[in-house]
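Since every read-out is calculated from the coordinates, none of them should be taken as a lab result. All of these numbers come straight from a predicted model, not from anything done at the bench. Ideal geometry is used to build each Cβ from the backbone, glycine not excepted, and the neighbour counts take in all protein chains shown.
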Amino acid sequence: MKKIGILGSTGSIGTQTLEIVRKEKDLRVVSLAAGRNVDLMEKQVREFMPVLAAMWSKEAAEDLRVRVKDLPVRVVSGMEGLLEASTVEQMEVLVTGIVGMIGIRPTIAAIEAGKDIALANKETLVTAGHIIMPLSKKCGVNILPVDSEHSAIFQSMHGENRARVSRILLTASGGPFRGKRKEELADMTVEDALKHPNWSMGKKVTIDSASLCNKGLEVMEAKWLFDVKLEQIQVVVHPQSILHSAVEYVDGGIMGQMGVPDMKLPIQYALFYPDRRPMDAGRVDLCKLGRLTFEEPDTENFRGLALAYQAARRGGSLPTVFNAANERAVALFLEKKIRFLQIPELIEASMEAHRVIEEPTVEQILSAEAATYEYIKQKYE
């Protein structure tokens, strides 16, 4: 029986992880953490009976505590609650499905407690990869990627000599606006941006996919996760989302992972690595597909990806600023306070206003995030 914890249990990654738990009887949930969705958390607690449930909101935690007082579950709140949920003694694997830099401290705490990490919170490595990866090696902990692209790369490297990697081919669907020019993008609405052609994801990551900022974050994550240089990571637009990413080796051979666009596949792979379990998901029929197409990303009309490479090359605290500015810009776009093309504008302005800190500590990372939020508030809100 493998015991797991889930940060972000009421979100997209969390609910899909629990779908797998329902099917796989040798998984046991010992901790759950969420933000404010008390109704869904109560249902999850009653179904999966964790020993601990954490809510970010203190008010939500108090509400949940009253609702589940008939159950032997401890309810906690805030950052301290998240840290507790990440370090439950009997837990073996922590699924980090929460969005944003809020995931950094719980991930570090889990690693220090010897828990393997099923990583879906890309911001953790984007902003603190220089801290997380050395710490995971020191503690002998596995970082198992849950993002479909990083899982595909991880699988394509399994059993291979990583020193023989020539480049990583990181695929992108192109999102709902692929092929559109700036003139057309200027009029795109929130509703337009949320219509992803292939994937069912949360709102924030769906908007990131539309702007290509998500791919920029994934480039930075891949750099740390697979210990490669930026020059070794090539983004390739693949509209069908069947090849989830690939790795080219020094002899020219390319290993890739293909499958239907279903997040439960990389989640399940991370939970049972190195084993593979049967799955009820659809299967790829290559004959029906007919062809797979690939193209270069359009960084002229979708500037988020180019800005991400710029932040990654400079390093230090600049990736934190990229991430924080994008996070706030997406929130403003979802609130319909800014236009779609203002997302990269806010990111670029925030990066230009920032004085880079080399090798930032966790405190300096969080401080850079707060300063970026304040800069955007003063300038755009």
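Quick notes
- Residue ranges 341-349, 129-137, 249-257 sort as 341-349, 129-137, 249-257 when ordered by packing (mean number of other C-beta atoms within 10 Å per residue, highest first).
- Table column - 3J(HN,Hα) (Hz), the stretch 79-96, Karplus curve with 6.51, -1.76, 1.60, x for Gly and Pro: 5, 4, x, 4, 5, 5, 5, 8, 10, 3, 3, 7, 6, 9, 10, 10, 8, 9
- Each helix, a run of at least 4 DSSP H residues, gives -39500 (n - 2.57); summed and divided by the residues of the chain, these come to -14000 deg cm²/dmol at 222 nm.
- Karplus-derived 3J(HN,Hα), 6.51/-1.76/1.60, for each residue of the stretch 133-149, Hz, glycine and proline x: 5, x, 5, 5, 5, 4, 8, x, 9, 7, 9, 9, x, 9, 3, 4, 5
- Prolate/oblate/rounded call for the chain, Cα gyration tensor, a/c under 1.5 rounded: rounded
- Relative contact order of the chain, pairs being alpha-carbon contacts under 8 Å that are 6 or more residues apart, as %: 14 percent
- Each peptide in 79-86, 324-331, 30-37 gets a packing score, the mean of other Cβ atoms within 10 Å over its residues, and the list from highest to lowest is 324-331, 30-37, 79-86.
- With a Förster radius of 51 Å applied to the beta-carbon distance between residue 192 and residue 69, the computed FRET efficiency rounds to 0.70.
- Placing dummy labels 7 Å off each Cα toward the beta-carbon, the span from residue 314 to residue 181 is 3.1 nm.
- Rounded to 5, the percent of DSSP beta bridges in the chain classed as antiparallel: 25 percent
- Note on residue 90 and residue 335: the model spin-label points, each 7 Å out from Cα along the C-beta direction, lie 4.3 nm apart.
- Each Lys and Arg contributes +1 and each Asp and Glu -1, all at the Cβ; summed about the Cα centre of the chain, the dipole is approximately 520 debye.
- Sorted peptide list for 287-296, 17-26, 235-244, 115-124, criterion being average Cβ within 10 angstrom, highest first: 115-124, 235-244, 17-26, 287-296
- With a cut-off of 20 Å on the backbone N, the residues of the stretch 1-34 near the modelled label site 7 Å out from residue 280 along Cα-Cβ are 12-29.
- Here the simple spin-label model places points 7 Å from the Cα toward Cβ, and for residue 288 and residue 203 these points are separated by 3.3 nm.
- Within the stretch 162-209: Cβ-based charge dipole about Cα centre, in debye rounded to nearest 20 (Lys, Arg +1; Asp, Glu -1): 500 debye
- Length-normalised contact order for the stretch 59-142 - Cα pairs under 8 Å, 6+ apart - percent: 25 percent
- Backbone phi angles across the stretch 295-312, fed through the Karplus curve with coefficients 6.51, -1.76 and 1.60 (θ = phi - 60°), yield HN-Hα couplings of 8, 6, x, 8, 8, 7, 8, 10, 7, x, 5, 5, 5, 5, 4, 4, 5, 5 Hz in residue order; Gly and Pro are listed as x.
- Residue exposure sequence - 213, 139 - by fewest surrounding Cβ within 10 Å: 139, 213
- Pairs of Cα atoms farther than 13 Å apart, the stretch 36-88, %: 50 percent
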